[in-house]
Amino acid sequence: MAYGMPASEFLALCMIMADFDLEMTALEVIGRAEEYQNTTGREIGEGRSDFRSAFYEIIWTWRPQDIGHGQMGDPQKLLARTPLKDWIGLILQYDHVWFNDEGESWSREPEDKDWPAEMRTRSTWKDSAGKRQERIVRDYLGDDLKIKFSLRFDRNFRKIFETGQYSRADIHRLFKRSRYAREIPKLWTVQKSYSRVRSMRTSR
C-alpha cells in the first residue's frame with residue numbers, strides 16, 4: 001500500500017540517522033537508515049530499498065550539476081561524495097515523497113492545495129455538504145493531534161533553512177524542544193515482521 005511522507009520529515013529522518021552531522025555523506029546516511037531497518041524491523045517506505053531509491057529519484061530528476069559536478073554517472077559515487085547538507089535545498093523544494101510498489105516520487109503539491117485558506121491550519125474539516133476533508137499525506141499518522149504537531153514541525157524546520165544561514169545548534173534546539181521531532185523515525189516507518197531481525201540476532 002502506497003503512502004507519502006512530508007519532505008521535511010524525510011530530511012529530519014536523514015539528520016537523525018546522521019546524528020545531525022551534516023557533513024556525513026548521503027551514502028553513509030543511507031547505510032545507517034538501512035541498518036536501522038535491519039535491526040528494528042521498521043521500514044522507511046514499502047520496502048527496504050525505498051529510502052535509497054528516494055535519493056536516486058532526486059538524482060534522476062535534477063542531475064549531478066545541481067548537487068555536484070560532472071556528467072550523470074554512477075549514483076552510488078555521487079551519493080558517496082555529497083554531504084547531507086548539499087541535499088537540504090533539493091529535498092525542501094518538495095512538499096512530500098511517495099513510496100509505492102512502482103517506485104518513489106517527489107511532489108510539489110501541498111496536501112491542502114484545494115482547501116480554503118482559513119482551513120489550512122487544520123488537520124481535518126467538513127465541507128458544505130458535510131463531507132470530511134482529510135490530509136492525504138499526514139492522515140497516515142491517524143491522530144489529529146499528531147497531524148497538528150507535524151504541521152508545526154514543518155513550519156519550524158523549514159524556517160531554520162529558509163535563509164541559508166543555520167547552525168547545527170539550531171537543528172539540535174528544535175529536536176530537543178519537540179518530542180514529536182524525536183519520534184519521527186517511529187511515526188513515519190512501517191512495522192514489519194521481526195522474524196528476520198530475530199534470525200539475524202540469533203545467528204551472531
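The values are calculated or read from the model by the stated rules, or taken from the named source; none is laboratory data. Keep in mind that what you see is a predicted model, and the values were worked out from it rather than measured. Here the Cβ positions follow ideal geometry from the backbone for every residue, glycine too, while neighbour counts run over all protein chains shown. For the accessible areas, the whole protein counts, side chains as well, though only heavy atoms, and no ligand, DNA or RNA atoms are used. Shrake-Rupley method; radii C 1.70, N 1.55, O 1.52, S 1.80 Å.
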Quick check, is Phe153 assigned to a helix (DSSP H, G or I) and in contact with a Leu (Cβ under 9 Å, 6 or more places away or on another chain)? yes
Output for the stretch 30-45, where each listed residue is closer than 23 Å to Phe157 by Cα, open to solvent by less than 10 Å² (accessible area, probe 1.4 Å) and either in a helix (DSSP H, G or I) or not aliphatic (A, V, I, L, M) (or both): Ile30, Ala33, Gly45
Residues of the stretch 118-129 being of a type in the set (Gly, Ala, Ser) and either open to solvent by 80 Å² or more (accessible area, probe 1.4 Å) or farther than 15 Å from Pro6 by Cβ (or both), which ones? Ser128, Ala129
Name, by its number, the condition in (1) modelled with pLDDT of 95 or more; (2) open to solvent by 100 Å² or more (accessible area, probe 1.4 Å) that does not hold for Asp101. (1)
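Here is a yes/no grid of residues against (1) farther than 29 Å from Asp170 by Cα; (2) open to solvent by less than 40 Å² (accessible area, probe 1.4 Å); (3) modelled with pLDDT of 95 or more:
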{"residue": "Phe10", "(1), (2), (3)": "no, yes, yes"}
{"residue": "Phe20", "(1), (2), (3)": "no, yes, yes"}
{"residue": "Glu28", "(1), (2), (3)": "no, no, yes"}
{"residue": "Gly47", "(1), (2), (3)": "yes, yes, no"}
{"residue": "Asp66", "(1), (2), (3)": "no, no, no"}
Looking only at the stretch 1-21, how many residues end up being part of a loop (DSSP other than H, G, I, E, B) and acidic (Asp, Glu)? 2
Go through (1) open to solvent by less than 60 Å² (accessible area, probe 1.4 Å); (2) over 27 Å from Asp21 (Cα atoms); (3) over 17 Å from the mean Cα position of the chain (by Cα) for Lys113 and report which single condition fails. (1)
Tell me which of these Lys159 doesn't satisfy, since it passes every other one: (1) part of a helix (DSSP H, G or I); (2) within 21 Å of Gly4 (Cβ to Cβ); (3) free of Cβ contacts under 8 Å to residues at least 24 places away in the same chain. (2)
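Quick grid of which residues meet (1) loosely packed, with under 12 Cβ neighbours inside 10 Å; (2) touching a helix residue (DSSP H, G or I) at 6+ places or on another chain (Cβ under 8 Å):
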{"site": "Lys131", "(1), (2)": "yes, no"}
{"site": "Asp144", "(1), (2)": "no, no"}
{"site": "Ser150", "(1), (2)": "no, yes"}
{"site": "Asn156", "(1), (2)": "no, yes"}
{"site": "Ile160", "(1), (2)": "no, yes"}
{"site": "Thr163", "(1), (2)": "yes, no"}
{"site": "Ile171", "(1), (2)": "no, yes"}
{"site": "Lys176", "(1), (2)": "yes, no"}
{"site": "Pro185", "(1), (2)": "no, yes"}
Pairing a residue in the stretch 47-62 that is over 14 Å from Gln93 (Cβ atoms) with any residue that is aromatic (Phe, Trp, Tyr) and buried (at least 20 other Cβ atoms within 10 Å of the Cβ), where Cβ atoms lie under 7 Å and the two sit 6 or more apart in sequence or on different chains, gives Asp50/Phe99
